[in-house]
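Report on one structure; see the data block that follows.
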Amino acid sequence: MKFDNSVLNVKLAAARPNPWTNRLHLDLPLVGGLIALMGLAFVILYSASGQDLDVLLRQGGRLLLALAIMLALAQIHPDHIKAASPLLFGLGVLLLGAVLVIGDIGKGAQRWLDLGVFRFQPSELMKLATPMMLAWYLSEAGLPPRWPTVLIAGLLIVVPAALIAKQPDLGTAMLVAVAGSVALFLGGIGWAYLLALAIALGATLPIGWFMLHDYQRDRVLTFLNPEADPLGRGYHIIQSKIAIGSGGIYGKGWLHGTQGQLEFLPERSTDFIFAILAEEFGLVGCVALLAVYLFILGRCLHIVTQAQDTFCRLLSGALTVTFFVYVFVNIGMVIGILPVVGVPLPLVSYGGTSMVTLMAAFGILMSIQTHRRLFPV
Amino acid sequence: MRGGRRSTAISDGLRTRHTPFDSRMFLSRIALCVIGMLLATGLLVARLVYLQIVGQEHYATLSRDNRIRISPLPPNRGVIFDRNGEVLADNIPTYSLEVVPLRAGDLKRIIAELTELLGLTEDELQRFNSTLRRSKPYDRIPLRLQLSEEEIARFAVRMPRFPGVEVRAHRVRTYPYGNLTSHVVGYVGRISQAEMDLLDRSAYSGTLHIGKSGVEKSYETLLHGSAGYEEIETDVTGRPLRSLGSVAPLSGNDLTLSLDIKLQKVAYDALGEHSGAVVALEPATGRILAMASKPAFDPTPFVNGISRKAYELLQQDPERPLYDRALRGLYPPGSTVKPFVAMAGLEAAKLNPAKRVSCPGWYSLPGSSHRYRDSFRRGHGAVDLRYAVTSSCDVYFYKLAVYIGIDKLHDYMERFGFGQKTGIDLDGEMRGLFPSREWKRRVRKSDWSLGETVISGIGQGYVQATPLQLARAAAIMANRGGVVTPRLVDTARAGGKTRDPHADDPRPPPIEADPKHWKLIVDAMVDVVHSGRGTASRIGGGLPFRIAAKTGTAQVFSVGQRQNYRTMKVKKKLRDHALFIAFAPAQEPKIAVAVVAENSGFGGKVAAPIARALITNYLQVPP
């Protein structure tokens, strides 16, 4: 007898009294948090760009595109997302390979694939495709994962990460690896496996060190002792610390940060934008930004705990934790507790690619949240 | 298994459902993540607190240092004028070529092309490179210090090829009269490390030069002024963005000297080939009119660093051109002390001026066979005091010195400034010496002998004086006892206000003496020039006023008891120094002069005409 679960397939959201957001598959608190973050972002960016309205307009355009993508993804049922996962992952890996080949033909770092209309960064796709693939694979392979599953999962993480690291884009490679690993961790991987993986990772670190490009090694060394070369590689970190420290509790005031406005701070509108916030708004501003991030994370975690199947849980959990790692790595780098890796401050740094990816992730989370069944299967 | 397929299907369906185990595991893992995230956030906040609260002051300072550059504004050094407003030391603009490495881009190319364009020397490149190593990228580094008009033009045309290279105007000290004023006005030079350690650094920031000698050194504080500064906000490249405020520099005082550069030239020229010194001053005030030392040197190369070779040449010159003879030259004053010794006899020892002394051409102390010779070997016959001064009779003064006694003589001579600093407003004057028993015991650790008293009476032996001291002693005589302190700087003018830097100086007490005695000695000194028997009678003709004077001849070389001193046979270096002191007009003195012409023989012959030239020039008499 075939169990007819169409009765149960009633959307949970239908029981909620907000038809407008229901129909759009939007999660209102999350949207609220994102808008607050965006507002803050534009205030900071205006100052960081040297009060350049063009920069704001361009960023605004990207934001609209990102919002559209979020909205679109929110409409897609998680089951379809799940179904598309292996396909997307396979495509991503292929494109990464293509980028590398083209990169070999061209000169130096190659991250872009020029599609004519716009340039596409396959590594950005992998930030989503990798956790999706892991969530798909683990939910299919059965939990908690045992040896073969763990090995295959590990391979699914290492292959895209290695391809991205080869570009070379260490920051993205790390984030992709983190996203996949979090999925594996949430999937209930045993501590013994975890320990074994950690040892394996530790063993490959020295090898990895030699495979790093000179500039990447420099970054790590610089992080360990920035004062060794104050006008060279350590310059970023030193100037950034000066900007943050001189901001004090209340900051120097909007548009009055001397470190930023006088261009002592490099990459002030992109990777180091947090230092602008810290200089102009002080500790108060920093804590406010962290609070907004925590609010968004809190809502995401709520979504994670409400998720109804393994795929949704693993994927939403992985995306949420990765989002936090983004924030942590960027701020940690800017305030000098992590090496300088090219990770932008999520949704605040100037630049479109990461914004689109992040908003897509939020779209997926909203889809997971708003496509819940009244009675979970 | 029969039900295998079906059960797999069911378990497939079940697998995606959340078994209690799955949920618990998942939630516990989420909880671990949450704990991790909270810890990480705590770490971020802790670090922010550390940077922004604990380190705020430190980083705020660094931030200020980052953006604000204090640019010193050096003051204009005061100009030095002579009494008639002739400029003796000035600041004239010069142009230098400077490079800011940060803005220069390809420094190697720029230096190479500039070398070709301007013909930079190896020296200049080396200095540039060593400065480059010690400076910050946005500092200006001089490449060539004094650009000619033509070089500026050549550079200007190609300027766009040289980013970060600029022509800058500086002011450089110049001395229009060169050798004429090199000792008295002195010169400035680059501040040495030793000087830097003693300076008020904030007042001297941006200043490169400091007075090294003469008025330039002695009046350094007044001449220099005080540096101002500008706070300039810069961007990361050191490019000035705006001025945050400035404090204007305080210009140095313009100094007007009492020196008359025309008279200085007369003195300098009159010395001719002779090494020596001439000092002329106003008796009533002590204001220096001329103060020349010869040979002199060109002060210009010292301003921007004289080359080692040129300096060694100056130092090794046997005539010692760097040595200021007027201020520091110690000469046996010889017979020029006689008028003062005579005053000492009259005032301190109740000498009867009319009493005659027989001069056979030599003098011996009782119980001794040693003969102290008279410069006039046949002897002067019977001489009274007045004639003794006029004819410069040594025997009379040998006896007089013994009669007065060395200690009384020393005390009285001290009042005329012998063995005393004159207190002139220049650094480094020598004290000279008039000996006493106490002095000999203290310094020479031996007892005084009477023979030393004898020769002290004619300004020989231990007696030493500078030309400045002699001029001042002549001035005191001219004043009939009025003691003056020689002064070089009349007024200092700054910010529109003129003041006399010596206004508050105490006036030394005069020498009180019987006016008859003053008259007697001055008359005797007038006779030196205007009587036929005077030792300087050759300069006495054709003057509308009288000159009171005394000649002197200082032995450089002692002649043995049985030897003859024959001028031409003695090497020039060992010939006597010619000395001359004078003041005129004798009754209303306007100028007092001391002349020392080294190794030129008898004072009346060489030194006296020099003094006359000065006096006639100053008193506007055609020569």
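The values are calculated or read from the model by the stated rules, or taken from the named source; none is laboratory data. All figures in this text were calculated on a predicted structure; none of them were measured in a lab. Neighbour counts run over all protein chains shown; Cβ positions are idealised from the backbone, glycine included. Remember, those area values only see protein heavy atoms, side chains included, never the ligands or the DNA or RNA. Shrake-Rupley method; radii C 1.70, N 1.55, O 1.52, S 1.80 Å.
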- Message: Exceeding 25 Å between C-alpha atoms, which entries from my cross-link table qualify? They are B:K338/B:K421; B:K421/B:K605; B:K338/B:K440; B:K294/B:K519; B:K217/B:K440.
- Response: B:K421/B:K605; B:K294/B:K519; B:K217/B:K440
- Rounded to whole angstroms and listed largest first, the alpha-carbon spread of the stretch B:70-256 along its three principal axes comes to 53, 37, 30
- Radius of gyration and Dmax over the Cα atoms of chain B, both given in Å: 39.3, 168
- Message: Solvent-accessible area of B:R415, probe 1.4 Å, all protein chains present, reported in Å² to the nearest ten, please.
- Response: 110 Å²
- Message: Out of the total accessible area of chain B (probe 1.4 Å, heavy atoms of protein only), what percent is carbon and sulfur?
- Response: 53 percent
- Query: Considering only DSSP beta bridges whose two residues both sit in the stretch B:70-256, what percent are antiparallel, to the nearest 5?
  - Reply: 95 percent
- What average count of beta carbons from other chains do you get within 10 Å of the Cβ of residues in B:67-76? 1
- Query: Rounded to the nearest 500 deg cm²/dmol, what is the calculated helix-only ellipticity per residue at 222 nm for chain B, with -39500 (n - 2.57) per DSSP H run of length n ≥ 4?
  - Reply: -11000 deg cm²/dmol
- Note on the structure: Of every hundred units of 1.4 Å-probe accessible area on the stretch A:83-212, the number belonging to carbon and sulfur atoms, as a percent, is 76 percent
- Counting DSSP beta bridges with both ends in chain B, the antiparallel % (nearest 5): 95 percent
- Proximal aspartates and glutamates relative to B:K350, as straight alpha-carbon distance under 16 Å, when same-chain residues fewer than 8 apart are discounted: B:D384, B:D407, B:D411, B:E512, B:D514
- Here the stretch B:258-323 gives, from Cα atoms, an Rg and Dmax in Å of 14.2, 45
- Message: Counting only protein heavy atoms, probe 1.4 Å: which residues of the stretch A:263-296 lose 30 Å² or more of accessible surface in the full assembly compared with their chain by itself?
- Response: A:E263, A:F264, A:L283, A:L290, A:L294
- Task: Name the residue farthest towards the positive end of the dipole of chain B from the options B:N84, B:I547, B:L38, assuming +1 on Cβ of Lys and Arg, -1 on Cβ of Asp and Glu, about the Cα centre.
- Result: B:L38
- Using 0.36 nm per residue of separation minus the Cα-Cα distance, give me the extension gain between B:L132 and B:R69 in nm, one decimal. 20.8 nm
- Task: Could you work out how far the C-alpha centroid of the stretch B:50-118 sits from that of the stretch A:18-44, in angstrom?
- Result: 55 Å
- Message: How many Å² of accessible surface get buried when A and B come together, counting both sides, probe radius 1.4 Å, rounded to the nearest 100?
- Response: 4100 Å²
- Could you give the size of the charge dipole of chain B about its Cα centre, using +1 on the Cβ of each K and R and -1 on the Cβ of each D and E, expressed in debye and rounded to the nearest 20? 1420 debye
- Cα centroid distance between the stretch A:300-377 and the stretch B:443-506, in Å? 95 Å
- Query: If eta is 0.890 mPa s and T is 25 °C, what Stokes-Einstein diffusion coefficient results for the stretch A:83-212, Kirkwood Rh from Cα pairs, in µm²/s?
  - Reply: 160 µm²/s
- Note on the structure: Hydrophobic long helices for chain B, i.e. whole DSSP H runs reaching 24 angstrom or more by Cα along the axis with Kyte-Doolittle mean at least -0.5, come out as B:20-49
- Looking at the stretch A:298-337, which residues lose a minimum of 30 Å² of accessible area between their chain alone and all protein chains in place, measuring with a 1.4 Å probe and not counting ligands or nucleic acids? A:L301, A:T305, A:T310, A:R313, A:V321, A:F324, A:F328, A:I335, A:I337
- Task: List, in order, the whole-Hz ³J(HN,Hα) value for each residue of the stretch B:455-462 obtained from phi through the Karplus relation with A = 6.51, B = -1.76, C = 1.60 and θ = phi - 60°; use x for Gly and Pro.
- Result: 6, 4, x, 10, x, 10, x, 7
- Name the residues whose placed amide hydrogens come within less than 5 Å of the amide hydrogen of B:A465, ignoring near sequence neighbours (fewer than 5 apart) on the same chain. B:Y331, B:L433
- Task: Report the far tail of the P(r) of the protein assembly as shown, meaning the percent of Cα-Cα pairs longer than 41 Å.
- Result: 61 percent
- Taking 0.36 nm per residue of separation between A:F42 and A:L205 and subtracting their Cα-Cα distance, the length gained on full extension comes to 54.8 nm
- Gap in Å between the Cα centre of the stretch B:253-304 and the Cα centre of the stretch B:385-404? 34 Å
